[in-house]
Amino acid sequence: MSAGHTAVTTPAGPGEPVIVCDTPQDECGVRDVLDRLGDKWSVYVVVELASGIRRFKELQRAIPGNISQRMLTLTVRRLERDGLVKRTVHPTIPPQVEYELTDLGHSLTHLVKALADWSIAHRPAIAAAREAWDAGDAGGR
């Protein structure tokens, strides 16, 4: 969270904020985090690197969904820029490149796990809500 962050609270009721910032423009730094982790591939990279150092091709093969070489390169560069991933180039021919999470990156893994656990626990309720919506049973539509 940014310097303008004042509190993260549990809402006492509907309409009350979960995150309170000094100014609406500040956004408490949340947008930066969501921009990085809200893309299609970053969470997969973080999850895979949480189990240890990976070479580029190992990482590419481990990520579900057939990530392209270009997209993986862009993703790890962004994560490296944000201080979440460390890139090490070994002076061999051809050069060996390895990726690992930094301490900052590792500090994120418990949040990613919590999100995954929440998703698994609520999958049936979400599926039921989608079925109701698709059937036209959504209130207020």
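I'm trying to understand the selection: among the residues of the stretch 73-95, which are touching a Phe, Trp or Tyr at 6+ places or on another chain (Cβ under 9 Å) and open to solvent by less than 60 Å² (accessible area, probe 1.4 Å)?
Selection gives THR73, LEU74, THR75, VAL76, LEU79, VAL85, THR88.
Looking at HIS110, HIS122 in this structure, which one is part of a helix (DSSP H, G or I), modelled with pLDDT of 95 or more and open to solvent by 60 Å² or more (accessible area, probe 1.4 Å)?
Going through HIS110, HIS122 in turn, the sole match is HIS122.
Could you list, in sequence order, all residues of the stretch 38-47 that are open to solvent by 40 Å² or more (accessible area, probe 1.4 Å) and either farther than 16 Å from LEU104 by Cα or without any contact (Cβ under 8 Å) to a residue 40 or more places away in the chain (or both)?
Within the stretch 38-47, GLY38, ASP39, LYS40, TYR44 meet the criteria.
Starting from residues that are charged (D, E, K, R) and under 23 Å from LEU34 (Cα atoms), keep the ones in the stretch 48-72 and report whichever is most open to solvent (accessible area, probe 1.4 Å).
Looking at the filtered set, the residue picked out is ARG70.
One residue is enough: does the stretch 49-56 have a residue meeting the conditions farther than 17 Å from ALA116 by Cα and either β-branched (Val, Ile, Thr) or without any contact (Cβ under 8 Å) to a residue 40 or more places away in the chain (or both)?
Within the stretch 49-56, one or more residues are farther than 17 Å from ALA116 by Cα and either β-branched (Val, Ile, Thr) or without any contact (Cβ under 8 Å) to a residue 40 or more places away in the chain (or both).
Only one of ALA7, ALA12 is open to solvent by 80 Å² or more (accessible area, probe 1.4 Å), among the aliphatic types (A, V, I, L, M) and at pLDDT below 75. Can you tell me which?
ALA12 is the lone residue from the list that is open to solvent by 80 Å² or more (accessible area, probe 1.4 Å), among the aliphatic types (A, V, I, L, M) and at pLDDT below 75.
Looking for whichever is among the acidic types (Asp, Glu) and under 25 Å from ASP35 (Cβ atoms) here; the options are ASP117, ASP134. Which one fits?
The match here is ASP117.
The values are calculated or read from the model by the stated rules, or taken from the named source; none is laboratory data. Predicted, not measured: the structure shown is a model, and the values here were computed from it. Cβ sites come from the backbone with ideal geometry, for glycine too, and all protein chains shown count toward neighbours. Surface areas here come from the heavy atoms of the whole protein model, side chains and all, with no ligands, DNA or RNA. Shrake-Rupley method; radii C 1.70, N 1.55, O 1.52, S 1.80 Å.
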